[in-house]
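Derivation of every value follows stated rules applied to the coordinates shown; laboratory data play no part. Values in this document were obtained by computation on a predicted structure and should not be read as measured data. Note that we place each Cβ from the backbone using ideal geometry, even for glycine, and neighbour counts take in every protein chain shown.
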Amino acid sequence: MQAWIDKYDAAGIVDSPDTSLVAACNGQFIVASPMQRALESVAALGLEPDIIIDALYEAPLPVFNLPLLTLNPLTWVTVFRLLWMAGASGGVENFTSVKRRAQQVAGELANLAETHERVLSVGHGFMNILVARELQKRGWERRI
């Protein structure tokens, strides 16, 4: 499973983001995760990131050895995430710590928005969910 995750993380995007997003992104300060898919998404919009936020912007995916189960990779990912959220570490940073980092990233994005007025954040999966929740707790609204 770890090999599948490594290939997934190294893979690019399959579909281009909706081209209507280009107009919505106009004039925004663009922040991107260092993940290849995030950078390719920004490029597919015909844009370039103003800054790339480091690995703080990523949520690790734990891998657990659960013998005798045969599941497809996406089901495994779901099972691993649920175990991780329930408190099992799977050899990676724990969920509580990642939620604290999401608070930190939300703070960084809020600070950038104060300086640049509009910020487009292009990130990776699960961490996007956590950061969005933190921003919403702070009164921010999702536009796209």
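Key figures
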{"item": "5 angstrom amide H check on residue 30, placed H, neighbours 5+ away", "result": "50, 51, 120"}
{"item": "Estimated FRET transfer efficiency when R0 is 41 angstrom, pair residue 115-residue 70 (beta carbons, to 0.05)", "result": "0.20"}
{"item": "Simple Cβ-charge dipole of the chain, Lys/Arg +1 and Asp/Glu -1, about Cα centre, in debye nearest 20", "result": "560"}
{"item": "Taking segment 1-137 and dividing mean pair separation by its residue count, relative contact order in percent (alpha carbons under 8 Å, at least six apart)", "result": "30"}
{"item": "Of the GluC sites (Glu not before Pro) in segment 25-133, those whose Cβ has at most 13 other Cβ within 10 Å and which sit in DSSP loop", "result": "117"}
{"item": "Cα-projected label distance for residue 1 with residue 96, points at 7 Å along beta-carbon direction, nm", "result": "2.3"}
{"item": "Rounded FRET efficiency, nearest 0.05, which uses the C-beta distance separating residue 11 from residue 133 and R0 of 30 Å", "result": "0.70"}
{"item": "Which of 50, 6 has the fewest Cβ neighbours within 10 Å, and the rest in rising order", "result": "6, 50"}
{"item": "Computed lengthening from residue 56 to residue 85, 0.36 nm per intervening residue step minus Cα-Cα distance", "result": "8.6 nm"}
